[in-house]
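The values are calculated or read from the model by the stated rules, or taken from the named source; none is laboratory data. All of these numbers come straight from a predicted model, not from anything done at the bench. Positions of Cβ are backbone-derived with ideal geometry, glycine not excepted, and every protein chain shown enters the neighbour counts. Just the protein is used for accessible areas: all its heavy atoms, side chains included, with ligands, DNA and RNA removed. Shrake-Rupley method; radii C 1.70, N 1.55, O 1.52, S 1.80 Å.
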Amino acid sequence: MKLCDLDYEAYSDIEQQLNINDEWESLASVIKKSDNTDKYIRDDIIRIRASKSPADIVFDIICSLDIYVSMTSLNFFVIKRLSHIFKTEYVTASSLSLLNSANLHFSLLPNFITDEEEKILLSEIEPRFRRTRYQSNHWDDAITNYRETEIKDWGELSKPVIFKIRALFPPESVHLNEVHILDLHAEGAVLPHVDSTRFCGSVIIGLSLLSSSIMRMFPENSDPSSQYISALLPQRSVYIMKDEIRNSFKHEILGSDESFFNGKAIERSRRVSAVFRIKPD
């Protein structure tokens with residue numbers, strides 16, 4: 001079993017009682033001393049500079065090198081209690097530094113709207129696409145198999161939902177009146193891009209309708225296969241992207257054939273998103 005793939009939910013109650021630094025020390029110590037741990041893992045640990053922290057030792061050896069370890073090789077409970085370091089229920093990352101960036105600059109709010117509120121919004125959105133075909137390519141090559149529109153004036157039933165979402169922005173924000181609606185075909189995808197800072201500010205909020213999906217984020221000019229943040233966006237959830245991740249990370253919505261989270265396939269059908277933006281600072 002890969003350390004990064006350990007189940008988080010089962011042990012979240014334990015992690016609340018732990019001192020993270022102590023647990024890193026404990027796990028690093030167990031790895032160093034274990035006679036059952038594969039020899040090449042122990043040798044690699046020995047070669048790491050003494051100045052590296054226990055967290056860096058564990059991450060470099062077990063995650064970056066993609067090493068698999070037997071559950072009997074290491075202290076079972078120490079591993080379980082550290083699982084929250086590598087992932088949460090909705091966000092994973094390829095490194096601790098990227099996970100920290102996600103904690104600071106990306107938020108995911110599951111079940112932010114109700115099933116009934118979703119139906120109300122879709123009753124306004126669907127008529128806009130009645131005579132619109134899916135397009136194969138976007139003008140900036142950022143989307144495939146999509147339809148899009150903007151809604152400025154919402155009906156009375158939808159307004160409380162729109163207000164609830166806009167209330168998530170900083171109080172001083174000046175909202176763009178238009179909400180960008182993106183209808184992504186079941187076989188469509190949003191390709192890696194950074195939203196232009198000329199047209200919108202440092203916070204972007206997105207609402208996911210009809211389907212769950214996977215958003216992948218990675219620093220510009222980096223390799224997304226080795227440096228990434230992966231977020232599960234459940235149906236009816238809201239994500240908030242701000243500051244560093246909004247401005248310096250590319251993001252994408254993966255196609256149905258790539259939609260995996262923590263090793264599990266995520267069914268991705270037609271997805272409609274409502275994207276809320278504010279004016280540039």
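Here are the numbers for the structure shown:
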item	result
Residue in the stretch 151-187 that is farthest from residue 254 (Cα to Cα), counting only those that are surrounded by 16 or more Cβ atoms within 10 Å (Cβ to Cβ) and among the aromatic types (Phe, Trp, Tyr)	154
Wholly within the stretch 77-169, strands (runs of 3 or more DSSP E) carrying at least 3 residues that are touching a His at 6+ places or on another chain (Cβ under 9 Å) and modelled with pLDDT under 95	143-151
Out of 172, 187, sole residue that is in a loop (DSSP other than H, G, I, E, B) and over 17 Å from residue 237 (Cβ atoms)	172
The stretch 202-230, residues that are in a loop (DSSP other than H, G, I, E, B) and closer than 19 Å to residue 263 by Cα	211, 212, 224, 225, 226, 227, 228
Residues satisfying the stated conditions in the stretch 213-240, i.e. in contact with a helix residue (DSSP H, G or I) (Cβ under 7 Å, 6 or more places away or on another chain) and farther than 13 Å from residue 93 by Cα	220, 236, 238
Residue tally, condition open to solvent by 10 Å² or more (accessible area, probe 1.4 Å) and under 13 Å from the mean Cα position of the chain (by Cα), over the stretch 188-217	2
Selection count, the stretch 236-268, where residues are more than 24 Å from residue 141 (Cβ to Cβ) and in contact (Cβ under 8 Å) with a residue 60 or more places away in the chain	10
All positions within the stretch 256-278 that are under 26 Å from residue 200 (Cα atoms) and either polar (S, T, N, Q) or at pLDDT below 95 (or both)	273
